[in-house]
Amino acid sequence: MSESTYTQLLDLACGAFLLAAVVVLWRREVAAIVRIFAFQGFALAALPLLLGLHEERWDLFAVAFGLGVLRAGVLPYLMRRALTAVATPAGAEQAEEHHYEEDVSEARETQPLVNVAASLLTAAVLTLLAYAVARPLVALDPTPATRALPVGLAVVLIGFFVLATRRRALAQVVGFLLLDNGITATAFLAASGVPLIVELSVSFDVLLAVLVLQVLTTRMRAAFGTTDIDDLRELHD
(Lines give C-alpha, C1' and ligand atoms only; values in the text may rest on other atoms or scores of the structure.)
Protein backbone atom coordinates (compact mmCIF):
# COMPACT_ATOMS: atom_id res chain seq x y z
CA MET A 1 0.00 0.00 0.00
CA SER A 2 1.41 3.37 -1.02
CA GLU A 3 1.81 6.17 1.48
CA SER A 4 -0.79 8.37 -0.22
CA THR A 5 -3.37 5.57 -0.37
CA TYR A 6 -2.74 4.74 3.27
CA THR A 7 -3.18 8.37 4.29
CA GLN A 8 -6.40 8.78 2.33
CA LEU A 9 -7.95 5.58 3.67
CA LEU A 10 -6.91 6.45 7.23
CA ASP A 11 -8.43 9.92 6.91
CA LEU A 12 -11.63 8.36 5.51
CA ALA A 13 -11.88 5.89 8.42
CA CYS A 14 -11.25 8.64 10.98
CA GLY A 15 -13.79 10.90 9.32
CA ALA A 16 -16.44 8.16 9.44
CA PHE A 17 -15.51 7.45 13.06
CA LEU A 18 -15.99 11.08 14.11
CA LEU A 19 -19.10 11.53 11.97
CA ALA A 20 -20.80 8.61 13.71
CA ALA A 21 -20.22 10.23 17.10
CA VAL A 22 -21.71 13.51 15.88
CA VAL A 23 -24.76 11.77 14.37
CA VAL A 24 -25.44 10.15 17.76
CA LEU A 25 -26.05 13.68 19.07
CA TRP A 26 -28.42 14.38 16.20
CA ARG A 27 -30.63 11.27 16.49
CA ARG A 28 -33.00 10.68 19.42
CA GLU A 29 -34.29 7.20 18.61
CA VAL A 30 -32.25 4.72 20.64
CA ALA A 31 -32.58 2.04 17.93
CA ALA A 32 -31.05 4.41 15.36
CA ILE A 33 -28.29 5.34 17.81
CA VAL A 34 -27.43 1.64 18.23
CA ARG A 35 -27.14 1.26 14.44
CA ILE A 36 -24.87 4.29 14.28
CA PHE A 37 -22.73 2.82 17.04
CA ALA A 38 -22.39 -0.39 15.01
CA PHE A 39 -21.25 1.67 12.03
CA GLN A 40 -18.69 3.39 14.23
CA GLY A 41 -17.46 -0.05 15.29
CA PHE A 42 -16.61 -0.84 11.67
CA ALA A 43 -14.79 2.48 11.32
CA LEU A 44 -12.84 1.76 14.52
CA ALA A 45 -11.89 -1.72 13.30
CA ALA A 46 -10.58 -0.17 10.08
CA LEU A 47 -7.90 1.75 12.02
CA PRO A 48 -5.82 -1.25 13.18
CA LEU A 49 -6.49 -2.94 9.84
CA LEU A 50 -4.95 -0.03 7.93
CA LEU A 51 -2.08 0.23 10.40
CA GLY A 52 -1.43 -3.49 10.03
CA LEU A 53 -1.41 -3.27 6.23
CA HIS A 54 0.89 -0.26 6.30
CA GLU A 55 3.35 -1.63 8.86
CA GLU A 56 2.94 -5.33 7.89
CA ARG A 57 1.97 -6.31 11.43
CA TRP A 58 -0.19 -9.42 11.44
CA ASP A 59 -1.18 -9.04 15.09
CA LEU A 60 -3.11 -5.88 14.18
CA PHE A 61 -5.21 -7.91 11.75
CA ALA A 62 -6.38 -10.06 14.66
CA VAL A 63 -7.08 -6.93 16.70
CA ALA A 64 -9.09 -5.45 13.81
CA PHE A 65 -11.14 -8.64 13.48
CA GLY A 66 -11.81 -8.78 17.21
CA LEU A 67 -12.83 -5.12 17.32
CA GLY A 68 -15.16 -5.57 14.38
CA VAL A 69 -16.88 -8.57 15.94
CA LEU A 70 -17.22 -6.96 19.38
CA ARG A 71 -17.90 -3.29 18.61
CA ALA A 72 -19.95 -3.74 15.43
CA GLY A 73 -21.61 -7.06 16.25
CA VAL A 74 -21.80 -8.25 19.84
CA LEU A 75 -22.27 -4.94 21.67
CA PRO A 76 -24.97 -3.58 19.29
CA TYR A 77 -26.75 -6.94 19.55
CA LEU A 78 -26.77 -6.74 23.35
CA MET A 79 -28.06 -3.18 23.26
CA ARG A 80 -30.82 -4.13 20.82
CA ARG A 81 -31.86 -6.92 23.17
CA ALA A 82 -31.96 -4.50 26.09
CA LEU A 83 -33.96 -2.03 23.99
CA THR A 84 -36.44 -4.74 23.06
CA ALA A 85 -36.81 -5.72 26.70
CA VAL A 86 -37.60 -2.19 27.90
CA ALA A 87 -39.30 -0.60 24.90
CA THR A 88 -41.48 -3.22 23.22
CA PRO A 89 -44.96 -3.65 24.62
CA ALA A 90 -46.22 -7.18 25.12
CA GLY A 91 -49.01 -6.47 22.63
CA ALA A 92 -51.68 -3.93 21.95
CA GLU A 93 -54.34 -6.27 23.25
CA GLN A 94 -52.45 -6.89 26.49
CA ALA A 95 -51.59 -3.30 27.42
CA GLU A 96 -53.57 -0.15 27.93
CA GLU A 97 -53.01 2.81 25.64
CA HIS A 98 -51.08 4.91 28.15
CA HIS A 99 -48.83 1.97 28.94
CA TYR A 100 -48.12 1.58 25.25
CA GLU A 101 -47.16 5.25 24.99
CA GLU A 102 -44.80 4.89 27.95
CA ASP A 103 -43.18 1.84 26.36
CA VAL A 104 -42.69 3.66 23.06
CA SER A 105 -41.17 6.64 24.84
CA GLU A 106 -38.51 4.35 26.28
CA ALA A 107 -37.19 3.88 22.73
CA ARG A 108 -36.74 7.61 22.21
CA GLU A 109 -34.77 10.29 24.03
CA THR A 110 -37.79 12.59 24.32
CA GLN A 111 -36.29 15.30 26.51
CA PRO A 112 -32.49 15.47 26.40
CA LEU A 113 -30.94 18.07 28.64
CA VAL A 114 -29.48 19.86 25.58
CA ASN A 115 -31.40 20.23 22.31
CA VAL A 116 -30.11 18.98 18.97
CA ALA A 117 -28.84 22.33 17.64
CA ALA A 118 -26.93 23.11 20.83
CA SER A 119 -25.57 19.54 20.93
CA LEU A 120 -24.19 19.79 17.39
CA LEU A 121 -22.67 23.19 18.16
CA THR A 122 -21.07 21.73 21.29
CA ALA A 123 -19.68 18.83 19.25
CA ALA A 124 -18.02 21.33 16.91
CA VAL A 125 -16.51 23.20 19.86
CA LEU A 126 -15.27 19.96 21.44
CA THR A 127 -13.70 18.90 18.14
CA LEU A 128 -11.86 22.22 17.85
CA LEU A 129 -10.74 21.83 21.47
CA ALA A 130 -9.42 18.34 20.73
CA TYR A 131 -7.41 19.64 17.76
CA ALA A 132 -5.98 22.46 19.87
CA VAL A 133 -5.00 20.14 22.72
CA ALA A 134 -3.45 17.54 20.39
CA ARG A 135 -1.40 20.03 18.37
CA PRO A 136 1.77 19.68 20.53
CA LEU A 137 1.54 15.88 20.29
CA VAL A 138 1.12 15.99 16.52
CA ALA A 139 4.14 18.29 16.22
CA LEU A 140 6.34 15.72 17.97
CA ASP A 141 5.78 13.06 15.31
CA PRO A 142 3.73 14.28 12.33
CA THR A 143 2.90 10.88 10.83
CA PRO A 144 -0.51 10.26 9.19
CA ALA A 145 -1.70 8.31 12.26
CA THR A 146 -0.56 10.99 14.70
CA ARG A 147 -2.16 13.75 12.63
CA ALA A 148 -5.48 11.92 13.07
CA LEU A 149 -5.03 11.78 16.85
CA PRO A 150 -7.45 14.70 17.51
CA VAL A 151 -10.27 12.58 16.10
CA GLY A 152 -9.92 10.07 18.93
CA LEU A 153 -9.77 12.84 21.52
CA ALA A 154 -12.84 14.51 20.03
CA VAL A 155 -14.86 11.28 20.30
CA VAL A 156 -13.76 10.93 23.94
CA LEU A 157 -15.10 14.43 24.67
CA ILE A 158 -18.31 13.78 22.75
CA GLY A 159 -18.79 10.54 24.71
CA PHE A 160 -18.51 12.50 27.96
CA PHE A 161 -21.05 14.99 26.62
CA VAL A 162 -23.53 12.23 25.73
CA LEU A 163 -23.14 10.77 29.21
CA ALA A 164 -23.87 14.15 30.78
CA THR A 165 -26.85 15.18 28.64
CA ARG A 166 -28.87 12.03 27.88
CA ARG A 167 -31.59 10.94 30.30
CA ARG A 168 -32.38 7.42 29.12
CA ALA A 169 -30.19 4.72 30.63
CA LEU A 170 -29.57 3.02 27.26
CA ALA A 171 -28.55 6.32 25.66
CA GLN A 172 -26.07 6.80 28.48
CA VAL A 173 -24.71 3.30 27.82
CA VAL A 174 -24.03 4.43 24.25
CA GLY A 175 -22.22 7.48 25.63
CA PHE A 176 -20.05 5.20 27.75
CA LEU A 177 -19.24 3.07 24.69
CA LEU A 178 -18.47 6.16 22.59
CA LEU A 179 -16.04 7.19 25.31
CA ASP A 180 -14.38 3.77 25.21
CA ASN A 181 -14.21 3.82 21.40
CA GLY A 182 -12.52 7.20 21.53
CA ILE A 183 -9.95 5.96 24.03
CA THR A 184 -9.26 2.89 21.88
CA ALA A 185 -8.86 4.97 18.72
CA THR A 186 -6.54 7.39 20.53
CA ALA A 187 -4.36 4.47 21.65
CA PHE A 188 -4.11 3.10 18.13
CA LEU A 189 -3.32 6.44 16.53
CA ALA A 190 -0.84 7.53 19.20
CA ALA A 191 1.08 4.25 19.53
CA SER A 192 0.48 2.67 16.10
CA GLY A 193 -1.57 -0.07 17.68
CA VAL A 194 -1.61 -1.84 21.01
CA PRO A 195 -0.63 -5.43 21.88
CA LEU A 196 -3.30 -8.03 21.20
CA ILE A 197 -3.50 -9.18 24.82
CA VAL A 198 -4.09 -5.61 26.01
CA GLU A 199 -6.91 -5.05 23.54
CA LEU A 200 -8.49 -8.40 24.44
CA SER A 201 -8.46 -7.59 28.14
CA VAL A 202 -9.99 -4.15 27.59
CA SER A 203 -12.63 -5.57 25.23
CA PHE A 204 -13.67 -8.23 27.71
CA ASP A 205 -13.97 -5.55 30.42
CA VAL A 206 -16.22 -3.48 28.15
CA LEU A 207 -18.31 -6.55 27.25
CA LEU A 208 -18.78 -7.37 30.93
CA ALA A 209 -19.76 -3.76 31.68
CA VAL A 210 -22.39 -3.77 28.91
CA LEU A 211 -23.82 -7.09 30.12
CA VAL A 212 -24.15 -5.68 33.64
CA LEU A 213 -25.73 -2.46 32.33
CA GLN A 214 -28.15 -4.47 30.20
CA VAL A 215 -29.33 -6.45 33.22
CA LEU A 216 -29.61 -3.32 35.36
CA THR A 217 -31.59 -1.47 32.69
CA THR A 218 -34.05 -4.34 32.33
CA ARG A 219 -34.46 -4.58 36.11
CA MET A 220 -34.97 -0.81 36.39
CA ARG A 221 -37.71 -0.94 33.78
CA ALA A 222 -39.40 -3.91 35.50
CA ALA A 223 -39.20 -2.36 38.98
CA PHE A 224 -39.91 1.33 38.31
CA GLY A 225 -41.56 1.37 34.87
CA THR A 226 -38.99 3.75 33.38
CA THR A 227 -35.31 4.18 32.65
CA ASP A 228 -35.41 7.97 32.79
CA ILE A 229 -32.66 9.07 35.17
CA ASP A 230 -34.58 12.14 36.35
CA ASP A 231 -37.66 10.06 37.20
CA LEU A 232 -35.52 7.63 39.16
CA ARG A 233 -33.89 10.52 41.01
CA GLU A 234 -37.35 11.78 42.00
CA LEU A 235 -38.17 8.33 43.38
CA HIS A 236 -35.02 8.52 45.49
CA ASP A 237 -35.97 11.96 46.76
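For ALA139, the criteria (1) at pLDDT below 90; (2) touching a helix residue (DSSP H, G or I) at 6+ places or on another chain (Cβ under 6 Å); (3) surrounded by fewer than 17 Cβ atoms within 10 Å (Cβ to Cβ); (4) in a helix (DSSP H, G or I) hold in every case but one, which is (2).
Name the single residue that is nearest to the chain's Cα centre (by Cα) among those in segment 157-193 being closer than 18 Å to LEU67 by Cα and not in a helix (DSSP H, G or I). My answer is GLY193. Checked across segment 39-48, the condition of being loosely packed, with under 15 Cβ neighbours inside 10 Å, out of contact with any Pro (no Cβ under 7 Å at 6 or more places or on another chain), under 21 Å from LEU179 (Cα atoms) and of a type in the set (A, V, I, L, M, F, W, C) holds for no residue. Among all positions in segment 153-169, there is at least one residue which is surrounded by fewer than 19 Cβ atoms within 10 Å (Cβ to Cβ), at pLDDT 85 or above and more than 13 Å from ALA21 (Cβ to Cβ).
The values are calculated or read from the model by the stated rules, or taken from the named source; none is laboratory data. The shown structure was predicted, so the numbers you read here are calculated from the model rather than taken from an experiment. Here the Cβ is made from the backbone with ideal geometry for all residues, glycine too, and neighbour counts use every protein chain on show.
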